Each structure stands twice: as structure tokens, then as C-alpha cells.
1. With the cut-off at 1.5 for a/c, could you classify region 116-250 from its C-alpha gyration tensor as rounded, prolate or oblate?
2. Place +1 on the Cβ of every Lys and Arg and -1 on the Cβ of every Asp and Glu in region 116-250, take the dipole about the Cα centre, and give the residue among TRP175, VAL237, ILE143 whose Cα lies farthest towards its positive end.
3. Return the distance in nm (one decimal) between the two label points of a simple spin-label model at LEU140 and ALA195, each offset 7 Å from Cα along Cα→Cβ.
4. Spin-label point model (7 Å from Cα, Cβ direction): what's the ALA29 to SER118 distance in nm?
5. Test of understanding: what is the full-extension gain from ASP155 to GLN52, defined as 0.36 nm times their sequence separation minus their Cα-Cα distance?
6. Take ILE94 and LYS125, extend 7 Å from each Cα along the Cα→Cβ direction, and tell me the distance between the two endpoints in nm.
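Every number here is computed from the coordinates shown, using simple stated rules; none is lab data. No experiment lies behind these values; they were computed from the predicted model shown. Because the Cβ atoms are built from the backbone with ideal geometry, glycine has one as well, and the counts that use them run over all protein chains shown.
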Amino acid sequence: MTSQEAKELLLRYRPGDEIGDPEMAAALAQCERDAALRAWFEEQGRTQSAIQECFRKITPPAGLKEQIISEHQAALRAEWWRHPRVLAAAALIILMTAVTMFWLQRDRGQSNELSIASFRMRMVKEALRLYRMELETGDLEQIRRHLANRQAPADFNLPEALGRANLTGCATTRWQGAKVSLICFLKDKSNPTGAKSDMWLFVMDRAVVKDPPPPGERRTAKENRLSTVMWSLGGKVYLLGTEGSEAELQKWL
């Protein structure tokens, strides 16, 4: 069972439910193996507990059921929908529906925020804004030590061509609470533009995103004015971006 399949099953789980379904038991077991899924499930549990607590605090008017039954025929003849008790029941149903829809939309929104497309869009914005490199150096080992000291991914693997590119430094950022390493390169060593970097590699733990590329697959996309390529290797997700064509980007892989 994949983590995504487990998440779809766990959306039906409510705190206090008995676990008699083998599939639900397998989904809960997947939580123990996947830290990102476990964090999502714990948040889901807190959300459902909050909803249940809201419902427990709602008290229907006393005698509502008996009143509705006894006055049913009379209400039909006398605009029953305007009766205060009926209006109270309708308001209660509307409130419960609205609360449920709100949390369902929130879950869907969180799922979209964890997508690989969201990661790519956020990282491209980081590359294009006026960020500050935390360390300016062409020494890869110094960069690895700096990133490790910042608890960011440092055991990354560079493609052979990219390993020969001109390193200029590194920085760290965050996405969905996880640390992301940013390694900066300059494609032209003569540096005619005076820029400190014009190609950026982002590295993050693969478990954080919802739909990472499978190992061996490369996904290319145009984001803002950058051409990007994304791949997975050794438990990490890599995103390389630069201005120019996709063909120009491919030569660094």
C-alpha cells in the first residue's frame, strides 16, 4: 500500500473508531513507516476531534422531535416552514453541513499544497527573488558542511555534467516545514552579466511531497521564466532551473 492510498483510506477514520477493517489496519501501519503521512494523520485526528467537539456542544431545542411529529399536519396547512422549531432544526442542519464542507475543502487544499507542482512554483519564486546566499564558495565540501550544519539535505548527488559547473555558493529555505537546500551555479565562468548565479538546484527529502517523480523519470516544465527539470534519487527530490530553453538545461544533466 502506498502512502497516497493509505491517506485516502484514513480520510474515513474518526478518533475512537474500532479497527476491524484489514485495509484500515494496513493504512495505520503505513503511518508508522512514513513520517510525513504520520504527521498528516495526527493533524487529521486533531481536526476530526475539533469537529466532534463542536457537534457535542450543539443542543437541539427540547421537545423538538415530538413537536415536529405532533404538528406535522397543521404545519403543512399553515406554512410549517416558518415555525421557530423547524427553523432551528434547519439552521442546525445548515451549520453542520457548512462545518463539514469547510474541513473537506481544507483537506483538499492541504493536499494541493503538498503537490510537486506547488513545490516547483515556490522554489522558482525563491530563485528569482533577491535572495542572499548564506555561503559564497566554489568548494563543494564546504557547501555540504554548511548545509549539514543547517539541518538541510547535504548528502545529494550531482549529475556528472552539473558537477563540472561553476559553483558559487548555497543557501537554505523551507517548504511545508521541511528544510530545502539551494545550491547556486554560474553557467558562464566569464560572468558577463555580473550575476552571482544563474542556475539553481533545490534538494529536498522525497517523503515530504505527495507525488514525486519515480526514480529514473525526469519531469520538465516551464515555470515563470525558468526552464526546470525534476527527478528523484536516493530518497531526495531534485529541482534544477535556469533561464533559457529546455535543451540548454538538459546539457547539465
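1. Rounded is the answer for region 116-250, as its axis ratio a/c remains below 1.5.
2. TRP175
3. Those two pseudo-labels are separated by 2.3 nm.
4. Going by the 7 Å Cα→Cβ label model, 3.0 nm.
5. Difference between extended and current length: 32.7 nm.
6. Taking the simple label geometry, ILE94 and LYS125 are separated by 3.6 nm.
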